[in-house]
Amino acid sequence: MDKINKIALLVDGDNAQPKLLHLVLEEASKYGKVTIRRVYGDWTTPHMNSWKGQLNEMAFNPIQKFSYTSGKNSTDSALIIDAMDILHDNLVDGFCIVSSDSDYTGLAKRIREDGIFVMGIGEQKTPNAFVKSCEIFTHVENLEPKTEPTEKKPVVKKEKFIVDTRLINKAFDMSANESNEAHVSTMGLNLRKLDPSFDARTYGFRTLTQLFSRLKDYVVVDNIVNGFNNPLIKRS
């Protein structure tokens, strides 16, 4: 995907974890410069205290939204209204919405209708409607650092793990050239089109190339162009 120029990173403080804010910022920054950084919540309540140190460190603005009615989340409406203002004022080229709440499904759809990039970051429990409304959806579980074992286990050539082979095959058919080969980068784009939440990290791999090297039905072939390796994927 081409680099997006400016990103608005809008965080639902009631549905996100402050300890992961730096990882969320790093993930959003992969797609552009995060020029607008806001965390929404009722800052008069004790449960928002854990956010305060993170905000100053990473230059986020706290947006106050009072909870006038018990059991009602006013943070959702505040974030949505702000997002629409930002959209109409053409302040950014893309949005990153951080929440596991399906209430942002309509917002994501509305942003996409304007041809603007929108990604989401949330937990694996995030409703599918919100996930599918984004161009890219990253699960926070994939952002958390994994604990490395003290002793490395022997590498198994074709390790068993569960992956949707129908999704993989469809993405390959969309990506393959006349020689029945596909660039890894093209595969990544088409996998995201089919499933915005597809992420090699979900399966324990750092990159898509590593994932495909373990799939029994595919092989990864080096493709050196101008001194750089742009790997190709072929059916085995």
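Coordinate-derived values only; no laboratory data. This structure is a prediction, so every number in the text was calculated from the model and none was measured. All Cβ positions, even for glycine, are placed from backbone atoms using ideal geometry, and neighbour counts span all protein chains on display.
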Among S100, L55, F212, flag the residue with its Cα farthest along the positive direction of the charge dipole of the chain, charges on Cβ as +1 for Lys/Arg and -1 for Asp/Glu.
-> F212
Could you tell me which of N90, L191, L21 has its Cα farthest along the dipole of the chain towards the positive end, charges placed at Cβ (Lys, Arg +1; Asp, Glu -1), taken about the Cα centre?
-> L191
Could you size up the charge dipole of the stretch 165-235 around its Cα centre, putting +1 on the beta carbon of Lys and Arg and -1 on that of Asp and Glu, and report it in debye to the nearest 20?
-> 260
Length gain on complete extension for the stretch I81 to T35, per 0.36 nm per residue less the alpha carbon to alpha carbon distance?
-> 14.8 nm
Under 10 Å from the Cβ of A182, count the other residues' Cβ atoms, weight Lys and Arg +1, Asp and Glu -1, and hand me the total.
-> 0
Pop a pseudo-label 7 angstrom from the Cα along the beta-carbon direction at both H183 and L91 and give the gap in nm to one decimal.
-> 3.5
From the cross-link list K52/K125; K170/K234; K109/K132; K19/K65; K109/K193; K170/K216, the entries with a Cα-Cα span beyond 18 Å are K52/K125; K19/K65
Inter-centroid distance (Cα atoms) of the stretch 15-67 relative to the stretch 92-125, Å = 16
In deg cm²/dmol, rounded to 500, what helix-only [θ] at 222 nm does the chain give when every DSSP H run of at least 4 residues adds -39500 (n - 2.57) and the total is split over its residues?
-> -8500 deg cm²/dmol
Quick one: which residues, 5 or more positions from K65 or on another chain, have an amide H under 5 Å from its amide H? H modelled 1.01 Å from N in the peptide plane, none for Pro or chain starts.
-> G41, D42, W43
May I ask for the equivalent-ellipsoid semi-axes of the stretch 165-235, computed as the square root of five times each C-alpha gyration tensor eigenvalue and listed largest first in whole Å?
-> 18, 14, 12
Of all DSSP beta bridges in the chain, antiparallel share, percent nearest 5 | 25
Treating only Lys and Arg (+1) and Asp and Glu (-1) as charged, each at its beta carbon, one finds that the chain has a dipole about its Cα centre, in Debye to the nearest 20, of 740
Looking only at F66, F212, F137, which one moves most when the chain is put into a Gaussian network model with springs between Cα atoms under 10 Å?
-> F66
Starting from the Cα of K52, step 7 Å along the direction of its Cβ; do the same at L167; then give the gap between the two resulting points in nm.
-> 4.1
Out of S179, I111, I80, whose Cα points farthest toward the positive end of the dipole of the chain (charges: +1 Lys, Arg; -1 Asp, Glu; placed on Cβ)?
-> S179
Using the Kirkwood radius over Cα pairs of the chain, the Stokes-Einstein translational diffusion coefficient at 25 °C and 0.890 mPa s, in µm²/s and rounded to a whole number, is 126
